[in-house]
Amino acid sequence: MLTLRDTVAYVAPARADDLGKTLYERFREEPDTLIVPVLDQDNRPIGLVERNTFILRMAAEYGRALYANRPISGLMDAEPLIVEADVELEAFTSDILSYRASDLLRGFIVTDGGLYLGVGTVLALLQAASEMNRRGVLALAQANASAEQARTFMTAVVEAIPSMVFVKRADDHRYVLLNRAGEKMLGHAREDMIGRTDAEFYPQQLAEIYLARDREVIQSGEVRVIEEDHVPRKDGSMAIIRTKKIAIPGPDGQAEYLLGVSEDIAERKRAEAQIARLAHYDPLTELPNRLLFQKGLSEALARASRREDLVAVHCLDLDRFKTVNDTLGHPIGDALLKAAAERLRRCVREGDTVARLGGDEFAVVQTGLSDPSDATRLATRIVEALAKPFDLQGHQVVIGASVGVAISPNDGSDSAELLKKADMALYRAKADGRGAFHFFERAMDDQLQARRSLEVDLRVALIQGQFELYYQPLFDLASNRVTGCEALLRWRHPIRGMVSPRRLHSADGRNRPDRAAR
């Protein structure tokens, strides 16, 4: 008598503290893995993660944003079906059809003495059931019993499975079985398909592809997986399915039937597309996000180096955006960001990239420049476009934009360097009064490095006690007397000597020179 030990397949387990992004990447790299068991430190099963449910849930919950760095314990099924390996196959299947038929599709965990042994799947179960059915038919025939009793077991399994199950004869490839789920998936009644071949339902080119695949499975004797098939339905729509096929041998050991199990993956494909879009696009403005922007910039720089032309990066902030948010509310602020994004799209040419890097910060990759003046013209268009009033839900809003520009290869030859230089130029533009653009200059980098050096020295000065306190009298000329004094903090640097208050101001641009020294 067959037991579940005869159907088990080993799948590398996961741990409850594994991160969601790790399991997501594993499912992408292992398209044949449908379920992953989750074990504790003693190798006892505590949960199960099913491929489709996992991917769909991540998309529905904006997956990577929510679950990427969280343990899979929050995503797994904490009450999986767990069965000992020595349970008889026929008894197990009969019981499971009565109260947990859906587990046949999802899969279950097989243990040996409570310790993980492997997983059970639909295909392995059907293959074992087919072998049992064949043996049962022979035994019952010898005893002059009804062969229908032997087929009842397999029929019950097949009809209860929500995936499409089909069987073809190995010699002429005609359908001999199609379950209810298959009728729904393909749109054809089983009565119409039984006894016919694919050539009678599908275009010739498709039918020839299906026939070649079937022959390959029969000749190899191994499981074959078709990851993604677009199959036309009877009504003209398209089913997107994933299919596993295996040859079933007859009494003489030669392939007698071809068994296939197909699942509808259309919803999963939509979920994966949504996840991919969320990973690369800003959901508010539908512009590329920072990740896709940096990738596009790197590709543009690689192309430019081959053609020896220029690439410009424009970094920009919306002036007075915070004021709009604070006074008119976040809905108006969001509407402003969407309207600004649309104006930016109209400023650039086809082939240029506009991205939202975060908050009210945007960036543009301008390609195919023959001269820096091309960047000047685009920066001018951006400033002028965003300076025009916005009409937002009955409110007229006037903002503006500050733009910083860096051009390769003079300002940098890689994406990180060029973006950093454009950002420096943006801060200079904002410091010069906003509503303008500024190109990167080498002096900006020198000033930044000097400021960083001064900040490091300030931290050391605080630790080593390099600050000195001075008291300066306040003299009233009208009364000709001292009216008080003020306390001044002075920095005596071991190398620089007495540091000017204005030097301190350069390390903290938020304060005035006199206040920085007090």
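The values are calculated or read from the model by the stated rules, or taken from the named source; none is laboratory data. Computed from a prediction, not measured in an experiment: that's the story for all the values here. Methodologically, a virtual Cβ is constructed for each residue, glycine included, from the backbone with ideal geometry; neighbour enumeration extends over all protein chains shown. To get the accessible areas, we keep the full protein, side chains included, count just its heavy atoms, and leave off ligands, DNA and RNA. Shrake-Rupley method; radii C 1.70, N 1.55, O 1.52, S 1.80 Å.
Odds and ends about this structure:
- Distance histogram in 5 Å bins (all Cα pairs of the stretch 236-395, percent per bin): 1, 7, 13, 14, 13, 10, 8, 7, 6, 5, 4, 3, 3, 2, 2, 1, 0
- Label-point gap, in nm, between SER453 and SER373 - each point 7 angstrom along Cα→Cβ: 3.9
- Taking 18 Å as the limit for the C-alpha separation, the pairs LYS168/LYS269; LYS168/LYS244; LYS168/LYS245; LYS295/LYS420 exceed it in the case of LYS168/LYS269.
- Tensor-based shape of the stretch 318-450 (alpha-carbon gyration tensor, a/c under 1.5 rounded, otherwise prolate or oblate): prolate
- Straightening the chain between HIS280 and SER479 buys 64.6 nm, computed as 0.36 nm per residue apart minus the Cα-Cα spacing.
- Solvent-accessible area, 1.4 Å probe, carbon plus sulfur percent, for the stretch 233-377: 49
- Our summary of shape: the Cα atoms of the stretch 192-274 have principal axis extents of 49, 27, 20 Å, ordered from largest down, in whole angstrom.
- Debye log10 I(q)/I(0) for the stretch 320-390, one point scatterer per Cα, at q = 0.12, 0.13, 0.27 Å⁻¹: -0.36, -0.42, -1.31
- Applying 1/(1 + (r/R0)^6) with R0 = 30 Å to the Cβ-Cβ distance of GLN464 and ARG442 gives a FRET efficiency near 0.35.
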